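The values are calculated or read from the model by the stated rules, or taken from the named source; none is laboratory data. Quick caveat, the model's predicted, so the values are computed rather than measured. Cβ sites come from the backbone with ideal geometry, for glycine too, and all protein chains shown count toward neighbours.
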Amino acid sequence: MHEADEARLEEFIAFCREKNVQVVEQTSDVSAEFVFIKLIDILKKRIRYRHDLVEREQAQPLKVKEVKFYECSYTYKPSKFGVNSPLSPYNPIKTKDFAVLYRERIYYLANHEEQEKFLLEPSKFTKNVESCPNDLLIKPRVSVIGLPKCGKTTLCERIALKTGAIHLNMEDIIESYIRRDAIYAFNLRVRTMMQGQSFGDDDLVKLLHRRLQ
């Protein structure tokens with residue numbers, strides 16, 4: 001049974017390493033407290049910077065010889081900082097030896113220490129500075145639904161304030177489109193303001209679709 005357990009353990013360790021999962025091996029002649037301290041030390045950065053856990057997985061350092069290929073591509077572009085480092089934008093020394101690829105953008109850090117800091121917390125140095133690129137395939141969307149007067153608008157405003165997302169309110173969308181100088185808007189005005197008809201579901205969906213576009 002002991003040999004079978006060891007075989008399964010070795011198989012599991014090989015599987016983890018194949019998936020690039022960090023494996024920490026400890027001998028059985030140390031105390032459980034020492035193993036616990038060792039694990040905490042290894043996980044310290046992940047726990048301390050856990051708010052950037054997802055963003056950190058999207059940032060990757062570039063080798064010097066790789067930078068020129070990413071710069072020449074149509075998908076990846078330099079960030080709004082240009083050749084300046086987001087950590088020290090006024091540093092007179094410019095280099096491309098410590099570049100980082102993050103969210104379809106290339107950031108040029110001044111040295112290895114700045115590169116390590118950027119890789120730990122990429123969103124800290126780009127939030128509210130670098131807008132989300134339009135060429136991302138996945139764009140987050142949030143829908144808040146609920147009963148009337150339950151606080152949906154207030155919650156949406158807070159989410160928009162915290163994340164920079166755009167708050168879409170159907171009343172504002174209707175108000176902005178119905179007064180436009182366009183055929184579709186004119187027909188809506190005739191049906192609603194002159195004939196007194198209410199908006200149908202198809203009309204609301206069309207308006208929302210136009211606003212998203």
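All of (1) touching a helix residue (DSSP H, G or I) at 6+ places or on another chain (Cβ under 8 Å); (2) under 22 Å from Leu120 (Cβ atoms); (3) not assigned by TED's automatic domain parsing to the domain that holds Glu114 hold for Leu43 with one exception: (1).
Residue check: Thr95 meets all listed conditions (1) surrounded by fewer than 17 Cβ atoms within 10 Å (Cβ to Cβ); (2) modelled with pLDDT of 90 or more; (3) not in a loop (DSSP other than H, G, I, E, B) but one, namely (3). Annotation: of all residues in segment 136-154 being surrounded by 10 or more Cβ atoms within 10 Å (Cβ to Cβ) and assigned to a loop (DSSP other than H, G, I, E, B), the one that is modelled with the lowest pLDDT is Leu136.
Table: residues versus (1) farther than 30 Å from Glu104 by Cβ; (2) out of contact with any strand residue (DSSP E or B) (no Cβ under 8 Å at 6 or more places or on another chain).
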{"position": "Val21", "(1), (2)": "no, yes"}
{"position": "Glu25", "(1), (2)": "yes, yes"}
{"position": "Ser31", "(1), (2)": "yes, yes"}
{"position": "Phe36", "(1), (2)": "yes, yes"}
{"position": "Lys45", "(1), (2)": "no, yes"}
{"position": "Arg48", "(1), (2)": "no, yes"}
{"position": "Val54", "(1), (2)": "no, yes"}
{"position": "Gln58", "(1), (2)": "no, no"}
{"position": "Pro61", "(1), (2)": "no, no"}
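Contact map, segment 139-163: first residue without any contact (Cβ under 8 Å) to a residue 40 or more places away in the chain and among the small types (Gly, Ala, Ser), second residue surrounded by 11 or more Cβ atoms within 10 Å (Cβ to Cβ) and in a helix (DSSP H, G or I), Cβ cut-off under 9 Å, separation 6 or more or different chains; pairs are Gly146/Lys152; Gly146/Leu155.
For (1) aromatic (Phe, Trp, Tyr); (2) over 22 Å from Val21 (Cα atoms); (3) out of contact with any Leu (no Cβ under 7 Å at 6 or more places or on another chain), each residue gets a yes or a no:
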| position | (1), (2), (3) |
| --- | --- |
| Arg48 | no, no, yes |
| His51 | no, no, yes |
| Gln58 | no, no, yes |
| Pro61 | no, no, no |
| Glu66 | no, yes, yes |
| Thr75 | no, yes, yes |
| Asn84 | no, yes, yes |
| Lys96 | no, yes, yes |
| Tyr107 | yes, yes, yes |
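Considering only segment 111-122, I want to know if a residue exists there that is assigned by TED's automatic domain parsing to the domain that holds Lys63, among the hydrophobic types (A, V, I, L, M, F, W, C), modelled with pLDDT under 90 and in a helix (DSSP H, G or I). So far as segment 111-122 goes, yes, one or more of its residues are assigned by TED's automatic domain parsing to the domain that holds Lys63, among the hydrophobic types (A, V, I, L, M, F, W, C), modelled with pLDDT under 90 and in a helix (DSSP H, G or I).
Kindly provide the set of residues from segment 8-36 that are within 40 Å of the chain's Cα centre (by Cα) and among the small types (Gly, Ala, Ser), ordered by number. Those that are within 40 Å of the chain's Cα centre (by Cα) and among the small types (Gly, Ala, Ser): Ala14, Ala32. Which members of segment 77-118 meet the condition of being among the aromatic types (Phe, Trp, Tyr) and under 18 Å from Glu66 (Cβ atoms)? Residues satisfying the conditions are Phe98, Tyr102, Tyr107, Tyr108, Phe118. With respect to (1) over 29 Å from Leu9 (Cβ atoms); (2) under 22 Å from the mean Cα position of the chain (by Cα), the lone exception for Arg50 is condition (1). As for segment 188-203, it holds at least one residue that is exposed (fewer than 14 other Cβ atoms within 10 Å of the Cβ) and modelled with pLDDT of 80 or more.
The single condition among (1) under 18 Å from the mean Cα position of the chain (by Cα); (2) surrounded by fewer than 10 Cβ atoms within 10 Å (Cβ to Cβ) that Pro61 does not meet is (2).
Which one is farthest from Val54 (Cα to Cα) among residues in segment 81-114 that are out of contact with any Lys or Arg (no Cβ under 9 Å at 6 or more places or on another chain) and β-branched (Val, Ile, Thr)? So the residue we want is Ile93.
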